[in-house]
Amino acid sequence: MPPKKPPSASSPPPSDVGLLEEIGGGFLGAAATVGGMGLLGYQILRRLVTFRIDRAETLRNLYRMGVKSIPIVIVTALFTGAIMVIQAAPLVVRLGAQGLLGWGAGFGILREIAPLLTALMINGRVGANNTAELGTMVVTEQIDALRVLAIDPIAFLIAPRFVAMVTTLFLSTIFADTLALLGAAYGGLGLLGVEPKTFYNGLTSGLLGLSDVTSGLIKSIVFGIVIALSSCQYGLGVKGGAPGVGRAVNATVVASAAGIFVLDYFVSFTLD
């Protein structure tokens, strides 16, 4: 029998090495994305400080992103308030604490639930759409055409979208807070027989303060920045034609949602 040949130098590495390479590659990719978002944020800030931003494009995006998102915000907020009452109902009935229903629902809605769910809904509708639009512009070389015409793409396209998304999420969160409390008040009336007057007395009895409202609004601004930077970064970085646009949209939704939850923890920890 011929002697066995020693393993060649080009044999595949052990599986554990391949796993480490994948982990390291994922970490480097995430670091590159975060770094790109930071650089993009700096470029946007420079345009905003020097007022180099297209006003017409900003107004158009405010209408497209903000006004057209009102229906989904209404549905989400009303049912969010009702769900809060459903979750609190067993404890309220057991303890006979109908007077605290407004405080319990308001505390969760204002500080956490309304800004978080509104951000996720805006991310799915506005963030994904923004990535698809910018990615299509990159694939069809419209961004390059703007540069050829001496038009700054950051000032003309990106900064207006950034301002529109942050403003949309901030105003949508205020709207969602109001509607969610309305849904909770009338949900309490239908499920527990708690009058809206009793609900709002518990809400304004002094257990909730201005800090509870501002906490949720600060989170909405942070979430808006994350969604805007992530969607613009992935949109401008599209490669590979139409399939690349689809991959970028998927990556935007996932990355923005993950960033929302991670920053929610740190903002909550800082403010509390």
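The values are calculated or read from the model by the stated rules, or taken from the named source; none is laboratory data. Model, not experiment: these values are computed from the prediction. Counting neighbours? That spans all protein chains shown, and the Cβs are built from the backbone with ideal geometry, glycine included. Note: areas computed on protein heavy atoms with side chains; ligands, DNA, RNA excluded. Shrake-Rupley method; radii C 1.70, N 1.55, O 1.52, S 1.80 Å.
Looking only at region 25-63, count how many residues are modelled with pLDDT under 90, more than 21 Å from the chain's Cα centre (by Cα) and part of a helix (DSSP H, G or I).
Here the count works out to 4.
Among PHE156, PHE107, PHE79, PHE170, which is modelled with pLDDT of 95 or more and assigned to a helix (DSSP H, G or I)? So that I can check it myself, show each step before the final result.
Values: PHE156 fails: modelled with pLDDT of 95 or more; PHE107 fails: modelled with pLDDT of 95 or more; PHE79 fails: modelled with pLDDT of 95 or more.
None of the others qualify; the one that does is PHE170.
Can you find a residue in region 36-50 that is touching a Lys or Arg at 6+ places or on another chain (Cβ under 7 Å), open to solvent by 30 Å² or more (accessible area, probe 1.4 Å) and farther than 19 Å from VAL226 by Cα? If you could, list the steps in order and put the result at the bottom.
Within region 36-50, the subset touching a Lys or Arg at 6+ places or on another chain (Cβ under 7 Å) is none.
No, region 36-50 has no match at all.
Inspect region 143-150 for any residue being basic (Lys, Arg), farther than 30 Å from THR58 by Cα and open to solvent by 10 Å² or more (accessible area, probe 1.4 Å) and give the result as yes or no. It would help to see each step written out before you state the result.
Start the filter on region 143-150 by keeping residues that are basic (Lys, Arg), which leaves 147.
Adding the requirement that they be farther than 30 Å from THR58 by Cα leaves none.
No, region 143-150 contains no residue that is basic (Lys, Arg), farther than 30 Å from THR58 by Cα and open to solvent by 10 Å² or more (accessible area, probe 1.4 Å).
In the list GLY209, GLY187, GLY235, GLY244, which residue meets the criterion of being more than 13 Å from the chain's Cα centre (by Cα), open to solvent by less than 30 Å² (accessible area, probe 1.4 Å), within 30 Å of PRO90 (Cα to Cα) and modelled with pLDDT under 95? Write out each step before concluding.
Working: GLY209 fails: open to solvent by less than 30 Å² (accessible area, probe 1.4 Å); GLY235 fails: within 30 Å of PRO90 (Cα to Cα); GLY244 fails: within 30 Å of PRO90 (Cα to Cα).
Selected residue: GLY187, the only one of GLY209, GLY187, GLY235, GLY244 that is more than 13 Å from the chain's Cα centre (by Cα), open to solvent by less than 30 Å² (accessible area, probe 1.4 Å), within 30 Å of PRO90 (Cα to Cα) and modelled with pLDDT under 95.
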